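Worksheet: one structure, shown below.
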Amino acid sequence: MKIKLQDIEYLIEIFDSSDWDEMYLKCEGVELFLSTDPNARSTRIAPVTTPLSVPAASAVEPAAKAGATADVASVASTTVPSHWVALKAPNLGTFYRAPKPGAPSFVEVGQHVVADTEVCLIEVMKLFTSLKAGVTGIVRQVCVEDAAMVEFGDTLFYIEPS
Amino acid sequence: MRLKRLFVANRGEIAVRILRAARKLGIETVLGVSAADRDGLGAEMADRAVVIGPAPSAKSYLDVRLVVHAAKSTGCDALHPGYGFLSEKPALSRMCEDEGIVFVGPRAQTIEALGDKLAARALARETGVRTVPGTDHMASVDAAREAAAELGYPVVMKASAGGGGRGMFKATGPVELEASFDKASREAETAFGDGRLYLERFVERARHVEVQIMGDGEGKVVHFGERDCSVQRRYQKLIEEAPASAVPDATRKRLHESAIRLTSFAKYRNAGTVEFLYDVDRDDFYFIEVNSRIQVEHPVSEEITGEDLIARQLQVAAGEGLQLRQEEVRVTGHAIECRINAEDPRHGFAPAPGRITRWLAPIGEGIRLDTHARQGYLVPPFYDSMIGKLIARGRDRNEAIDRMLSAIDSFVIEGPKTTLALARFIVAHRDFRNNNMTTRWLEDIGLPAFQTQ
């Protein structure tokens, strides 16, 4: 049975919603180690020094269905260097680049950010959640238009880690 | 008013079912999916599918705000909640009302009123619909002991805020009652946020009989016959049928009248089911609750009336009224439904998610399969295990049984373990053929017999 990218995503989701601390899977040319401890290292797999690049499949916006308007800019994964980190929407909502209408955007392309830098707001029925960069680096791409609806997993920004 | 674009806030087979009905009526569709259902049949069928959250239900299908935001942002003017999930959470109906989205279901205040078991019982009494002899909420174990003595043992303690069989304790005598009262109250508090308990007479031989109704929200209600759902395990239905041939005609007529009286008084809007406990020995029935949603087993009522209940839900929601008189509802023949769950009945019904490696659906006269599953489908571990419903219709009950057996025999599912073989065993059983099951039958007789096979 060939392991697909989606199966790995499922495994991550299942692990996330379980009460396990660790998981090691070896199957069909794939070795996967998951841990709830950010400092954990598998003794069986050589550590990866660069952040695991986001699976290419989810960085590409699926073609809009007939009748639907595409309100998310498509970014082909082939044009983005693999070490750039994609910041993804944690849930569906409306994406806002600025804290208030008319205010300057949280971040612009080329701006340096740290893990705690607020980069945008996601609004769900008037409840606003701010998203943080999560890495230290430079904002390389803003992938969504202001006030556009985003879906869970949509890539909002590409950040080049420094 | 015409519904232009419908948001389907559910998943699995019922999402597919709703999408089918909407498409038939020329209504555009948007399906809200979790990440795990992105590539499902529903997502393919909908005009548009939007991923609202990750796989876990709490972060996707159960999040009222996410669902309504998705419906609004995709320009939907109506929302169908399916069954389970948020279908009976007044918050969803209310938020839709506030946002100007037509909710395909009852008003929020109706859902709220009927969701409170004690308030529902009060409504039944007000409309002259008999309830199981029982009490109001018991303030203390002493009050419970007194009331139970009057009712006569055995009694069952129930949580006022419970449902679906949860929060129920049986007591055969005062010792058992006193021992479990506090525990039952605490468990109810934890599970439902409300520790109030009430008592009911325990009926030894019961059948679960329910009536399908549809109301226009202004007092007019039509029924589509009754269903018998007595084959249950831990209060979860496995097999349903319509009509309830084991109940005498005169009693069935009274069931219909009671269901209509109650829901008409409540000015019930859209589809609902009035559940009764049928006391086999006394040939009497008692009101249990109203389910303010379309139900899993709605297909058997459709098959015996030639009706499309989901389409009618959409029409009522669009403000077109019932467009139907009771006399125009004709019941012919018999229909049986077997739920197919990805569970291993030989190992405690443990959930069996996984990839379906082979799927050969049965086809034939009077056979219907409501499903979202197909070959290659990965049954996810995050949701309930039902992967389909197999329905067989016949000119009479025997023909429906024969067709069901034939359909199951030609149905191939490989990959996850399923309850298909158990369904076959039950339908082929002499007791099923003779239609003398009670709600205890499956656990007391059917399952033990199956396990020793």
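Descriptive notes on the structure:
- Some residue of the range B:330-341 being under 23 Å from B:Leu262 (Cα atoms) and more than 21 Å from the chain's Cα centre (by Cα): yes
- Sole residue being aliphatic (A, V, I, L, M), part of a helix (DSSP H, G or I) and surrounded by fewer than 21 Cβ atoms within 10 Å (Cβ to Cβ), chosen from B:Leu118, B:Leu66: B:Leu118
Let's see how each residue does on (1) modelled with pLDDT of 70 or more; (2) closer than 25 Å to B:Ala55 by Cα; (3) open to solvent by 100 Å² or more (accessible area, probe 1.4 Å); (4) within 14 Å of chain B (Cβ to nearest Cβ):
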position: A:Asp7; (1), (2), (3), (4): yes, yes, no, yes
position: A:Glu13; (1), (2), (3), (4): yes, yes, no, yes
position: A:Ser17; (1), (2), (3), (4): yes, yes, no, yes
position: A:Trp20; (1), (2), (3), (4): yes, yes, yes, yes
position: A:Pro51; (1), (2), (3), (4): no, yes, no, no
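- A:Arg41 of a type in the set (Lys, Arg), open to solvent by less than 50 Å² (accessible area, probe 1.4 Å) and either at pLDDT 85 or above or touching a Pro at 6+ places or on another chain (Cβ under 6 Å) (or both): no
- Any hit, the range B:380-387, residues being aromatic (Phe, Trp, Tyr) and more than 21 Å from B:Gly366 (Cβ to Cβ): yes
- Selected residue (only one of B:Pro154, B:Pro174 is more than 24 Å from B:Gly84 (Cβ to Cβ) and either at pLDDT below 90 or touching a Cys at 6+ places or on another chain (Cβ under 6 Å) (or both)): B:Pro154
- Those residues of the range B:95-115 which are buried (at least 18 other Cβ atoms within 10 Å of the Cβ) and part of a helix (DSSP H, G or I), in sequence order: B:Met95, B:Cys96, B:Ala108, B:Thr110, B:Ile111, B:Glu112, B:Ala113, B:Leu114, B:Gly115
- The set of residues in the range B:348-371 being in contact (Cβ under 8 Å) with a residue 60 or more places away in the chain, open to solvent by 40 Å² or more (accessible area, probe 1.4 Å) and not in a strand (DSSP E or B) consists of B:Pro353 alone.
- Qualifying residue in the range B:51-61 (condition: of a type in the set (Val, Ile, Thr) and facing chain A (nearest Cβ under 8 Å)): yes
- Residue in the range B:78-86 that is open to solvent by less than 10 Å² (accessible area, probe 1.4 Å), more than 13 Å from every other protein chain (Cβ to nearest Cβ) and within 16 Å of B:Glu289 (Cβ to Cβ) present: no
- Just one of the listed residues (B:Leu6, B:Leu92) is more than 9 Å from every other protein chain (Cβ to nearest Cβ), in contact with a strand residue (DSSP E or B) (Cβ under 6 Å, 6 or more places away or on another chain) and either acidic (Asp, Glu) or open to solvent by less than 10 Å² (accessible area, probe 1.4 Å) (or both), and it is B:Leu6.
The values are calculated or read from the model by the stated rules, or taken from the named source; none is laboratory data. Just so we're clear, the structure is a prediction, and the values are computed from it rather than from any experiment. In this analysis, Cβ positions are derived from the backbone assuming ideal geometry, glycine residues included, and neighbour counts consider all displayed protein chains. These area figures cover heavy atoms from the full protein model, side chains too; ligands, DNA and RNA do not enter into them. Shrake-Rupley method; radii C 1.70, N 1.55, O 1.52, S 1.80 Å.
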